1. How tilted is helix A:59-74 with respect to the longest principal axis of chain A? Cα atoms for both, answer in degrees (0 to 90, nearest 10).
2. Taking the Cα centre of the protein assembly as shown as origin and charging only Cβ (+1 Lys, Arg; -1 Asp, Glu), how large is the dipole, in debye to the nearest 20?
3. So, in nm, how far is label B:Leu229 from label A:Asn272 when the simple model puts each one 7 Å beyond its Cα toward the Cβ?
4. Using a basic spin-label model with each label point 7 Å from the Cα along Cα→Cβ, how many nm lie between A:Ile116 and B:Glu348?
5. Give the Rg/Rh ratio for chain A, taking Rg as the radius of gyration of the Cα atoms and Rh as the Kirkwood radius, to two decimals.
6. Can you give me the angle between helix A:99-117 and the longest principal axis of chain A, using Cα atoms only, in degrees from 0 to 90, rounded to the nearest 10?
7. Shortest first and in nm with one decimal, please list how far the B:Asn356 label point sits from its counterparts in the other copies (point 7 Å along Cα→Cβ).
8. Would you kindly derive the ³J(HN,Hα) couplings of the stretch B:298-313 from the backbone phi angles with the Karplus curve 6.51 cos²θ - 1.76 cosθ + 1.60 (θ = phi - 60°), listing them in order in whole Hz, with x for Gly and Pro?
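Bear in mind these aren't lab numbers, they're just calculated from the coordinates by the rules spelled out. What you see is a predicted model; the values in this text were computed from it and never measured. Glycine also receives a Cβ, built like all others from the backbone with ideal geometry; neighbour counts cover every protein chain displayed.
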Number of protein chains: 2
Amino acid sequence: MPVNLPEIIPASLTPIQGIRLGWAESNIKKPNRKDLLVIEICDGSAVSGVFTQNRFCAAPVTLCKKHLDAVKKSDIAGTNVSGIKALVINTGNANAGTGEQGMLDALTTCQNLAEIMSIPAESILPFSTGVILEHLPMDKLLTGLPLAVANLTTDNWADAASAIMTTDIAPKAYATNVKIGDHRVNITGISKGAGMIHPNMATMLGYVATDANITKSLLDSMTKKIADLSFNCISVDGDTSTNDSFIVIATGKSDATAITTPNDEGYQEVFNALLETSQYLAKAIVRDGEGATKFITVTVKGALTLDEAKTIGFSIGKSPLVKTAMFASDPNLGRVLAAIGYASRECESLADLDTNQLELYFGSLLVAEKGGRAASYKEDEGQAIMNEAEIDITVQLHRGNEESTIWTCDFSYDYVKINAEYRT
Amino acid sequence: MPVNLPEIIPASLTPIQGIRLGWAESNIKKPNRKDLLVIEICDGSAVSGVFTQNRFCAAPVTLCKKHLDAVKKSDIAGTNVSGIKALVINTGNANAGTGEQGMLDALTTCQNLAEIMSIPAESILPFSTGVILEHLPMDKLLTGLPLAVANLTTDNWADAASAIMTTDIAPKAYATNVKIGDHRVNITGISKGAGMIHPNMATMLGYVATDANITKSLLDSMTKKIADLSFNCISVDGDTSTNDSFIVIATGKSDATAITTPNDEGYQEVFNALLETSQYLAKAIVRDGEGATKFITVTVKGALTLDEAKTIGFSIGKSPLVKTAMFASDPNLGRVLAAIGYASRECESLADLDTNQLELYFGSLLVAEKGGRAASYKEDEGQAIMNEAEIDITVQLHRGNEESTIWTCDFSYDYVKINAEYRT
């Protein structure tokens, strides 16, 4: 079961004006399962995205980038629309490592949906997630498209969250809102992912929509910042997938005034609400991490650079030895210290890290200092913290002012079981 | 059980003139177990070492480096002796993360052994391996020292290999020999390690001795090259330990002529024999990797730089998703391609890797090309290769002439079990 991930309450997922969602069961991998989702986006919306940095990126990712680029160029100067009118997402098959046929299949998907919805094919962003290296079963997918479109409604976010799941145990969704002046702005999002999770990015999809009115160029920079503080701060197994995508949509349908620069009224509130939503959705992926029994927050403070802080955070958060110890509720300080010590492999400036200066905390308990176990440390107190399902690890380096937080889970028998049996 | 690791035959481990070994059972972690080893080195030997790059390196590692430095400075100009007269190795406790007390304990160990053997304390290199963050039980260790010294003999290599084991299932040793002119030169070595294994370096110890006559400065450069081609090419779990050390000893007792430059007669033969021994001992660690059921060789060819080749090799060799698929004998090409694709995270020049140009082979079977599954690939042929205990993966990048080979193992339930229960 996911670690402290509350069940989603469909009624709490506020519809976003200008967005409709429709799903279908198209038997892509298994029958009787929602596996196709269409998201319709109203005219005038701004749409921004960040994508996997995997060189083997999937055909739909390549096409998404091309379509986002194409509509940018065709924009009328001075307007802020991005020209994207629909997203189409299938689960069960990643359409990755599929060569030229994969690109043709992604294009055909867009063209078919374009015909059904009477919109240009270039205004559609396609996404796929699931098994790599198998060709999309196009007959099934194309049969599902008109069903998904016929299904479009505004209050479908909970079903949409289910329709994009792969090895996820639980659907992931979140909604919040803020006020700009007298006007309410809503934010609702969904995500999926459980394995092959690591920054830049993971086997994850994330879609967040708001009715705020934000210019396309500003939304682009906000989306990048938000991804770096949410989906790029999680690790389940250190693997980076071929298909990861994070999309933010601003429909502009609320009555609040437009936001065109970071100094405008409401910018910070909307940024924070988008970040809160994205962090919730990112952490939900870790809570539902394959085989996870613990949710672990690693905060590194007092670093010289942000890179130092992130590298040490992930060095701890990726270590199979740390993660198996966490699974065993074993306060194995040594493995955490070793992971701090070898972080210099991936961050040159850490080569002069003075391990005698740093402090290590489990929760608020000082466990190590001066290059060894803290004199005040009592194993039973460390054990009590390890027995919890939520574990906070903090490293204070005392060499600068930068800090970073990452989220990870433990490494259990079930991780091996899930991934050894995935294709069978 | 280790993967295809032949049992060692004590009689095949040729003694090295000038080297004697003695062990003791000193109850450091468990009773009735060889856990202390002394290696006596004759005067005039050259001794070289490479050590962990972990910033939390153990007290004995710090002291080893200091003693190697000190004797270097005290050398008489023109002579080639390194002045190291003994090694002392304990298992069961790593003396790492032990602060000032740890350094005192390592010093005390050297001083006690110095008194027993009537040699200077600075001529002794100390090594520890085992649990981190616990103080050495000095009373037990010091009681064992005279017993180990009393035990010194030349034909004790098999027992020595057992005396340095921690989570190892099997002892690891290898011997070979070469001819320089009419004279035979012998090489014999031992190693230990099974978990926390990754380059630069792993929870491993390796000791190789030869009776060849090699100058200290030449042996230093040979040792570094050999480490890069052997112990720095293995990964079990991606963790780098606090204690790793690799030591090469040349006693000069054979009748073969001295080797002072790479152009001298016998240099290449001795280098190759030392490399063969070190690669065998390094691969033995992977074959005995915690929970290993498969031995996996990853070769990356056609890279622009050696760094590209190594990074892709380890990206595949470290991926928990690849390693769990190997455990399941699942020819999951997609996970291997994904791991190639995200290697650019750790090697900038791979950002322009053209995935359509590369070929992936399992054994001699072409499995992927042109960005997807090879047209000729048949799953049952891939499956047949995956069913073997020894699996070769080859990536041909077609972008340069550099290549690299790394060795790794699969990721099984037993890895989790061993590491979740290590301290209990």
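1. 60 degrees
2. Values: 70 positive and 100 negative charges, 28 e Å.
Charge dipole of the protein assembly as shown: 140 debye, to the nearest 20.
3. For the pair B:Leu229/A:Asn272, the computed spacing is 6.1 nm.
4. 4.6 nm
5. Working: Rg = 22.1 Å, Rh = 22.2 Å.
Expressed as Rg/Rh, it is 0.99.
6. 50 degrees
7. Relative to the other copies, B:Asn356 has label-point distances of 5.8 nm.
8. Result, rounded to whole Hz: 10, 10, 10, 10, x, 8, 5, 9, 4, 4, 4, 5, 5, 5, 5, x.
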